[in-house]
Amino acid sequence: MSLAAMILLGILLFFVLLFVVPLRIVCTFDSARHVDFRLAIWVLFFRIGILPRKKRLPNLKRFRRDALERLYEKKRKKAEAAAKAKEKKAERRKQKKQRAQQRAEKRTAHSGYTPRKRGVKHIIKLVLVLTGVLLDRFGKYLRVNISYLDITAGSKEPASTAILYGWAWAAMENLWNLLSHTRMFRRVRKNRISIYADFCAEKPSVRGKITFSIALWQIAALLISGGAAALSVQTEARRKESAEEKLARQQKEAQARAEMIRELKR
């Protein structure tokens with residue numbers, strides 16, 4: 001096997017592995033720590049931190065006069081290029097709108113039917129179909145793992161602590177009854193969720209670690225399914241519009257024949 005074939009095979013295996021290996025979104029939170037919320041994406045052993053963002057110290061070299069002048073000149077050129085690009089984009093959009101209007105006028109003159117915008121029913125149907133497909137697929141592919149979730153009720157007054165403890169229990173029970181039957185939460189164990197009452201603590205606290213995982217091929221399948229559902233709704237609307245257009249054309253032809261007969265009778 002040649003070196004080029006081995007390189008191509010390695011690249012192909014890399015992309016296959018990238019699509020198969022799930023992306024893990026890890027959410028860690030602890031109200032007792034200085035950084036109370038962390039969010040990161042894990043791909044195999046590689047970690048990409050999302051929150052909190054690292055604070056970079058300012059580079060003092062950038063505040064010199066020559067550096068500031070270069071920065072100002074760079075921003076000026078960038079602003080000019082952006083303004084020119086905006087003008088070109090507006091001109092292209094205007095030309096595209098004019099061409100679409102001309103095509104619509106020719107179509108109306110030919111068939112006597114004026115195309116309408118999407119109606120409310122069409123938009124609602126499109127949204128409902130997309131929501132149903134995406135939620136069904138998303139619930140099928142997404143995996144949720146709760147490593148631990150500890151809620152501690154605390155307050156300066158014992159009565160308030162007891163009330164908060166009861167509220168937390170009721171809220172978590174209702175949430176568990178809603179989520180435990182869904183596909184993504186079927187593997188979540190209830191014993192990993194704990195609720196405590198600390199009558200010595202002056203304020204409540206929460207700590208936990210939740211991992212969401214989904215593979216790239218599943219995301220691609222989800223997008224393809226959503227696109228297919230939207231296309232089916234759009235095709236149905238176009239068929240209905242074509243039927244209305246055909247009826248309008250027939251009415252226009254009948255009116256033209258009636259006018260011709262009327263002229264001949266004179």
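The values are calculated or read from the model by the stated rules, or taken from the named source; none is laboratory data. Computed from a predicted structure; not experimentally measured. As a convention, Cβ positions derive from the backbone with ideal geometry for all residues, glycine included, and neighbour counts pool all protein chains shown. Quick note on the areas: whole protein, heavy atoms, side chains included, nothing else; ligands and nucleic acids left out. Shrake-Rupley method; radii C 1.70, N 1.55, O 1.52, S 1.80 Å.
Below, the figures for the structure above:
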read-out: Largest to smallest accessible area among 148, 72, 196 [probe 1.4 Å]; value: 72, 196, 148
read-out: Label-reachable residues, region 174-209, where backbone N falls under 12 Å from a point 7 Å from residue 38's Cα toward its Cβ; value: 208-209
read-out: Distance between modelled label sites at residue 79 and residue 262, nm, 7 Å Cα→Cβ extension; value: 6.4
read-out: Derived scalar couplings ³J(HN,Hα) [region 82-90; Karplus, 6.51 cos²θ - 1.76 cosθ + 1.60; whole Hz; x for Gly, Pro]; value: 5, 5, 5, 5, 5, 5, 5, 5, 5
read-out: Residue order for 34, 181 - accessible surface, 1.4 angstrom probe, largest first; value: 34, 181
read-out: Qualifying trypsin sites (Lys or Arg not before Pro) in region 160-216, DSSP loop, other Cβ atoms within 10 Å at most 12; value: 186, 187, 189
read-out: Amide H partners (placed H, <5 Å) of residue 201, local residues excluded; value: 155
